[in-house]
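> Please find one structure pasted underneath; my questions will follow.
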Amino acid sequence: MGKNVLLVDDSSTMRKIVGRSLRQAGLDFDNIFEAADGLEALDVLDKEQVDIVLSDINMPNMDGISFLREKQGRDAVKDIPVFMISTETGDDIIGEAKSLGALGAIKKPFTPDKVNEVLGPLM
Amino acid sequence: MEIEDKIIEAAKEIFSSMVMMEIEVKEVLETHGPLTDTITGLIGLAGTHKGILGIHTPYPVAMAITSSFLGMDVAEINEDVHDAVGELANMLGGNVKSILSDNGRDIDLSLPSTIAGSEYNFQSDKEVDTVIILFDTGQGEFMVELDLEK
């Protein structure tokens with residue numbers, strides 16, 4: 001049985017590209033949900049069964065770091081694994097994301113192989 | 001390696017791995033004239049380095065890039081084109097930040113934005129160091145411009 005993934009990015013182009021990369025990586029997802037910022041992502045997590053979250057960092061309304069912080073405070077969703085997908089790869093920022101529960105980060109630009117390498121072990 | 005070479009390397013990687021287009025450097029410029037029928041993706045840098053990165057894409061090139069990026073035909077300058085060109089600026093800006101930043105915290109990036117028009121000028125009112133690289137996509141040319149405050 002496939003898993004459900006939530007893609008969080010303010011760029012609709014990037015959400016499509018990440019979705020395409022997941023399919024090209026041969027990963028078995030039943031549903032791909034989308035959100036344009038952290039606030040929308042929290043709303044999706046409240047309503048849907050999500051197994052993995054892939055989130056941008058630099059977003060309007062609620063950025064990826066604030067999203068992680070909010071998610072950490074919600075018992076029902078705090079254990080859902082999150083990977084950051086971002087141009088932001090400075091040690092400080094990724095370190096902060098990991099301290100808030102993110103399992104790792106994928107740097108933009110990326111290839112389907114990189115997506116498979118990072119997400120494959122969770123499938 | 002100079003920042004110009006690193007921008008070229010980053011742009012080639014972004015286009016090859018994400019846009020599915022191979023691009024080549026046509027020319028390195030010192031200035032450019034008014035931009036006509038063009039969409040520009042912009043990202044601002046603030047902190048220890050202040051400036052702006054722009055990607056200037058004439059409409060036909062912007063549509064070709066977006067078509068290849070999304071894997072579907074795009075025949076007009078629509079929201080998808082604005083979003084795609086903005087995201088290209090975002091990825092290039094992220095690479096420029098990683099080149100210039102010591103730890104990721106000393107430079108902040110703005111959210112990407114776009115401007116488009118039949119004719120406009122793109123120039124800084126501050127004294128800046130400018131790098132302008134003209135790329136050829138095989139379906140037309142576009143420019144990447146980095147203006148950093150001196």
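> Counting other Cβ atoms within 10 Å of each Cβ, which GluC sites (Glu not before Pro) in the range A:33-123 have at most 10 and sit in a DSSP loop?
Passing sites in the range A:33-123 do not exist.
> With axes computed from alpha carbons, what is the tilt in degrees of helix B:3-14 against the longest principal axis of chain B, rounded to the nearest 10 within 0 to 90?
Helix B:3-14 sits at roughly 40 degrees to that axis.
> So who's got an amide H within less than 5 Å of the one on residue A:106, skipping anything under 5 residues away but keeping other chains? H placed 1.01 Å off N, in plane.
A:84, A:85, A:86
> Turning to a different aspect of this structure: If you take the square roots of the eigenvalues of the alpha-carbon gyration tensor of chain A and sort them as a ≥ b ≥ c, do you get rounded (a/c under 1.5), prolate (a/b over b/c) or oblate?
Rounded, because the longest to shortest axis ratio a/c is under 1.5.
> Relative contact order of the range A:3-122: what whole-number percent is it, with Cα pairs under 8 angstrom and at least 6 residues apart?
26 percent
> Can you tell me the FRET efficiency between residue A:24 and residue B:127 if r is taken as the Cβ-Cβ distance and R0 is 41 Å, rounded to the nearest 0.05?
Working from the Cβ atoms, E equals 0.35.
> Right, next: Could I have the simple spin-label model distance between residue A:12 and residue B:28, label points 7 Å from Cα toward Cβ, reported in nm to one decimal?
If labels sit at residue A:12 and residue B:28, their model points lie 3.9 nm apart.
> Provide a whole-number value for the mean count of partner chain Cβ atoms within 10 Å of the Cβ atoms in peptide B:83-96.
5
> In Å and whole numbers, how far do the C-alpha atoms of chain B stretch along each principal axis, longest first?
41, 31, 28
> List nothing, just return the count: lysine pairs in the range B:3-149, 8 or more apart or interchain, with Cα separation under 15 Å.
Close lysine pairs found across the range B:3-149: 4.
> Relative contact order for the range B:33-150 using alpha-carbon pairs under 8 Å, separation at least 6, rounded to a whole percent?
Across the range B:33-150, relative contact order equals 39 percent.
> Does the range A:70-115 come out rounded, prolate or oblate by the C-alpha gyration tensor, with a ≥ b ≥ c the root eigenvalues, rounded set by a/c under 1.5 and, if not, prolate when a/b is larger than b/c and oblate if not?
oblate
> Counting only the heavy atoms of the protein chains, how much of residue B:32 is accessible to a 1.4 Å probe, in Å² to the nearest 10?
So the heavy atoms of residue B:32 present about 40 Å² to solvent.
> Then there is this: Can you give the helix-only mean residue ellipticity at 222 nm for the protein assembly as shown, where every DSSP H stretch with n ≥ 4 adds -39500 (n - 2.57) and the sum goes over all residues, rounded to the nearest 500 deg cm²/dmol?
So the calculated ellipticity at 222 nm is -11000 deg cm²/dmol.
> Moving to a separate point now. Can you tell me the alpha carbon radius of gyration of the protein assembly as shown divided by the globular rule-of-thumb value 2.2 N^0.38 Å?
Compared with the compact-globule rule of thumb, the protein assembly as shown sits at 1.00.
> Right, another one. Using only Cα atoms, find the angle between the long axis of helix B:59-70 and the longest principal axis of chain B, and express it within 0 to 90 degrees, rounded to the nearest 10.
Helix B:59-70 sits at roughly 90 degrees to that axis.
The values are calculated or read from the model by the stated rules, or taken from the named source; none is laboratory data. Nothing here was measured: the structure is a model prediction, and the numbers come from that model. Methodologically, a virtual Cβ is constructed for each residue, glycine included, from the backbone with ideal geometry; neighbour enumeration extends over all protein chains shown. Remember, those area values only see protein heavy atoms, side chains included, never the ligands or the DNA or RNA. Shrake-Rupley method; radii C 1.70, N 1.55, O 1.52, S 1.80 Å.
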